[in-house]
Amino acid sequence: MSEHLLTLPGLTVPARIAGAPRATAGGVLLPRGPVAVLHPFGTTRFYRHGWHSWSPVDWVSLAWRPELPAVPRDRYGTWAMTQDT
C-alpha cells in the first residue's frame, strides 16, 4: 500500500491504498484492496453510544478501548465456543 492524496470537491485527504486512484466525473475511483483514510484533523473524538442502559455513552478519543466486564468462564455459554480463546 502507498500513500496518495484523494481530492474531492471541497476536501483533500491522504489515504493508503493498493494503487493509484483514478479521477472520475463523480469523484475518485479507488483500486480494489484495503483503504486507510488518514484524516488530517488532529486529535479526534467520536460519540460512543451505549447499546444497553449500562453501556458507556460519551465523546471519546479514537485511542480509547472500553473495559469489558469480567464474566466467569462457566457463564460464557455457546457464544464463547465460537470465539478464539
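Quick rundown of the values:
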read-out	value
Computed accessible area, L5, all protein chains, 1.4 angstrom probe, square angstrom	120 Å²
Shape call, region 2-50: gyration tensor on alpha carbons, a/c limit 1.5	prolate
Length-normalised contact order of region 22-61 in % [C-alpha pairs under 8 Å, at least 6 apart]	27 percent
Region 2-42: relative contact order as a whole-number percent, Cα under 8 Å and 6+ apart	37 percent
Rounded to the nearest 10 Å², the accessible area of R22 at probe 1.4 Å	150 Å²
Label zone at L62 (point 7 Å along Cα-to-Cβ), backbone N below 16 Å, region 22-38	35-38
Simple label model, 7 Å out from Cα along Cβ direction - L30 to S55, nm	2.5 nm
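The values are calculated or read from the model by the stated rules, or taken from the named source; none is laboratory data. All values derive from a computational prediction rather than experimental measurement. Because the Cβ atoms are built from the backbone with ideal geometry, glycine has one as well, and the counts that use them run over all protein chains shown. Protein only, heavy atoms only, side chains kept; ligands, DNA and RNA dropped before computing areas. Shrake-Rupley method; radii C 1.70, N 1.55, O 1.52, S 1.80 Å.
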